[in-house]
Amino acid sequence: MNKCIITATLAVLIIFPSFSQSKNSNKEITIKGKVIDSETNAPLEYASVSIFSKTENKIVNGGITDINGNFSVSVNQGIYNVLIEYISYKTITFTDKTLNKNENLGTISMDLDLATLDAVQIIAEKTTVEIKLDKKVYNIGKDLTTAGGTVSDALNNVPSVAVDVEGAISLRGNENVKILINGKPSAMAGFGDTNVLSQLPAEAIERVEVITSPSARYDAEGTAGILNIILRQQETLGFNGSINATVGNPDNIGLSTNLNYRTEKFNLFSNLGFRYYNSPRNSFSDTDYFNAEADEIDRVREDEDTERLNRNYNGSLGMEYFLSEKTSLTGTVFYNYGEDRDTGINISDRFIDGNLVEQTQRVEKENEDGGNLQFALNYITKFNDDGHQLTADFQIETGNDEQFTFYNEDYITTYQTDAEPFQIENITQNESDNESLVQVDYVLPIGENARFEAGYRGNFENSVTDYLLEQEDLSTGSLFVNDTLSNIFDYTENVNAIYSQYGTKINKFSFLLGLRLENTQLKGDIDSRLSAEDLEASYGFPIETNFNNNYLGLFPTVNVIYDLSENEDDAEESLTFGYNRRINRPRGWYINPFPSRSSRTNIWQGNPNLRPAFASAFDIGYLKRWDELTLTSSVYYQHETNSFERIQENTGQQTSDGIDIIRTIPVNLSTNKRTGAELGVLYNPVKWMRLNSSFNFFQFETDGEFNDVDYSAKNTSWFTRFSSKVTLPAKVDWQTNAFYRGPSQDAQSDNEGVFTLDLAFSKELFSNNATVSLNVRDLLNSRKRKATTFTDTYESYSEMQWRQRQINLSLRYRFNQQHKKQNQREGHGNGGEDDFEFEG
């Protein structure tokens, strides 16, 4: 059933019945009946009933069924065709029906149109790419390898996107990517870090928008660009939803539901989920020190294994209320709560002149409990059907995280005669986050092929980290508070922005020109007994412990599409060009100056002196789409100033047992030039096979120095992915995903290549209402980061595996999701940014 036919039919029913009746003076009668599903006997709400007059050669009246499947239609006496229609069902027609009195057609049973339904499922299954003026849209479809997985797993299968072994998300090799949920910053994205994305189920995603050349409508944050994750929201009338259950090894138990109840007046939706999983992590490092004195430790080898047990609860409840046909108000509440219990054991071997002289065991136990709460309100009114509209958004988010960590280290063997014991340490860290968003967007069409937009966005964030360090008094065995390292760090980021943009289409050219004015306030207050002089001595350069910095910037954007297609029957072909200016604002953990404690010899330390980085980016793309093949490609260049770089250096300090302390610190280097190219191919040679491949090459050229050390370098790397999906006999789907990141180099490190392989199988059950999936992620258990770091004072080799091979068995059951809504209201409820495109 074609939606356009249904829409046109209902429009005719509204416009013409009174006119029809004025021409016919016959007696008016009433036709009644009830429409149900032939298999379930459930009433079908919003089935359409059309009365077609052969004499007048048109539909003279009609209606739709109510919640109980009943209908009642008035018509003048005569001979008619009566049509009962419902999307994905076979149409029922009463031909040449003589209607000369009130008549009840009784209960009408409708059968599913399996051919139509199968066609819809095949289309929904394909992963397709759409090119817009300011984005590429990837419809995820049924990605079998992520069944039972998370949003992070799904993102790792999107072209141009990579998720490394520690869960960090990068776009074209650049980790400075802005994550949006439904077009807006969200507590679901974890207040700036992406840990929460590893807790949300992958099944929640409808599509991912890869925005490498964001228009002025978007926040200027993220020098790499923006990933906009659009979550599923059912448009189906009545009560419907799905249930997902997962079991896996290592321990992975998950249960989630998506429930939706929709009427013509409102849409009530909810998502609930629970996940318990064990995600073992292991790491290894081997460090040689060049400047060790005789009889001093000159090599340290550390081997750590960590058990990570996590319980996560997610829940959201929302309602979209249709104030009128063109106006709606949507309210949503989202809550996430997690309990993590991690235990790490680090075995450290110490050598002198190649001889093992000492071995210690360091135990780290960490308990972390925390939750995020978000309330969002969205208002949209459409002044007409041409795109003239006003939207307003208000969002409040709050989060709290309580972390308790216990450290204890003991000698297994030692060469020291009277070795000083290690201190037991307890760290209590409480972090509270608050964020609010106010946004207003106005869209005004100008003629058929032009549009003007303007808007305001205010984003206000504050985080307070209360850090308390207790250490053992070795003489008494009691704990005391270390006042010099305990601290409270209060960090605020406020961004106010206004924008306007104008788009038009002239012949084969489409333009979108915009300008955004943003003011960024970065404010920090470090409450500690350490003075600025003490911090300066620790860092080796002056440190601001109390700062309030404002940055005002203009961010122009230009996006152009040129249609190369000769006519509508040709293969789609286009060229795109994009330019935009972006900003990278430092997050709180990049600024907090107090060192980490998980290792005594390798520490992370933030830098309060960090300033925002600014980048100008250019992108040229090409798309050609044939019946079975889609080709996308692009080349890009970015020039960034004050770019953030993480460097490692010897602090010049030593542990109590004489081992050099190595620090990783982020700093502003002068410039970073990024050049790259990417190629993507989607190929469907036959109905039962889908092939998807992409290749991305990039080069980062850094020019700058820090503490009189030159860190200028070129880092060349690439990554490629391949995915195939094949339908086997008995309607079993088999999917294979392969990913390889090539080796790379920077000023200090050589990074080895990483290869990972995923396999998955699935089958539809219970008349296609359920899907059972079996998948193996990282089949070869090879997803490890391996790197060698070189400095003037030491050389270090390291390995890190954030999560080992995972096997999952998942079952997803859907109910009432084949009954698609007729006359859907376009644009309600997704909360995302509007696409910019013209007819023609």
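Overview of results
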quantity	calculated
Taking Met800, Met110, Met319 and counting other C-beta atoms within 10 Å, the order from fewest to most	Met319, Met800, Met110
Theoretical FRET efficiency, 1/(1+(r/R0)^6), r = Cβ-Cβ of Glu799 and Leu356, R0 22 Å, to 0.05	0.65
Restricting the range 26-70 to trypsin sites (Lys or Arg not before Pro) in coil, as DSSP defines it, with at most 14 other Cβ within 10 Å	Lys27, Lys54
FRET efficiency for Asn41 and Asp369, using Cβ-Cβ distance with R0 set to 45 Å, rounded to 0.05	0.40
Gained length - Thr414 relative to Tyr321, 0.36 nm times residue gap less alpha-carbon distance	26.4 nm
Test item: Cα-centred dipole of the range 238-815, Lys/Arg +1 and Asp/Glu -1 on Cβ, debye	3340
Cα→Cβ-extended label distance, 7 Å offset, between Asn434 and Asp534, nm	2.9
Between the range 479-527 and the range 385-429, the alpha-carbon center distance in angstrom	24
Integer Hz, Karplus 6.51/-1.76/1.60 couplings in order for the range 673-690, x for Gly and Pro	9, 10, 10, x, 8, 9, 9, x, 9, 10, 9, 10, x, 9, 4, 9, 9, 9
For Thr791, Thr428, Thr520, order by how many other beta-carbon atoms lie within 10 Å, fewest first	Thr428, Thr791, Thr520
Phi to ³J(HN,Hα) by Karplus 6.51 cos²θ - 1.76 cosθ + 1.60 over the range 263-273, Hz, x for Gly, Pro	10, 5, 9, 8, 10, 10, 9, 8, 9, 10, x
Inter-label distance, nm, simple model (7 Å from Cα along the C-beta direction), Thr381/Ser656	6.9
Using θ = phi - 60° and Karplus 6.51 cos²θ - 1.76 cosθ + 1.60, couplings along the range 587-593 (whole Hz; Gly, Pro as x)	7, x, 6, 6, 10, 4, x
Residues with amide H under 5 Å from that of Tyr711, placed H, sequence gap 5 or more	Gly704, Glu705, Phe706
Gain upon complete extension [Tyr813, Phe511; 0.36 nm per residue less C-alpha separation]	104.3 nm
Candidates per GluC sites (Glu not before Pro) in the range 299-348, loop by DSSP, up to 13 other Cβ within 10 Å	Glu325
Segment Val333-Asp251, extension gain: residue separation times 0.36 nm, minus the distance between their alpha carbons	26.5 nm
Thr601 paired with Lys97, simple spin-label distance in nm, labels 7 Å along Cα-to-beta-carbon	8.5
Amide H partners (placed H, <5 Å) of Gly225, local residues excluded	Lys178
Theoretical FRET efficiency, 1/(1+(r/R0)^6), r = Cβ-Cβ of Glu573 and Ile347, R0 56 Å, to 0.05	0.40
Burial ordering of Thr95, Thr306, fewest other beta-carbon atoms within 10 Å first	Thr95, Thr306
Among the listed pairs Lys90/Lys135; Lys58/Lys505; Lys382/Lys505; Lys178/Lys714, those beyond 28 Å (Cα-Cα)	Lys90/Lys135; Lys58/Lys505
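Each reported figure results from applying straightforward, stated rules to the coordinates on display, with no laboratory input. Quick caveat, the model's predicted, so the values are computed rather than measured. A quick note on method: Cβ atoms are made from the backbone with ideal geometry, for glycine too, and the neighbour counts reach across all protein chains shown.
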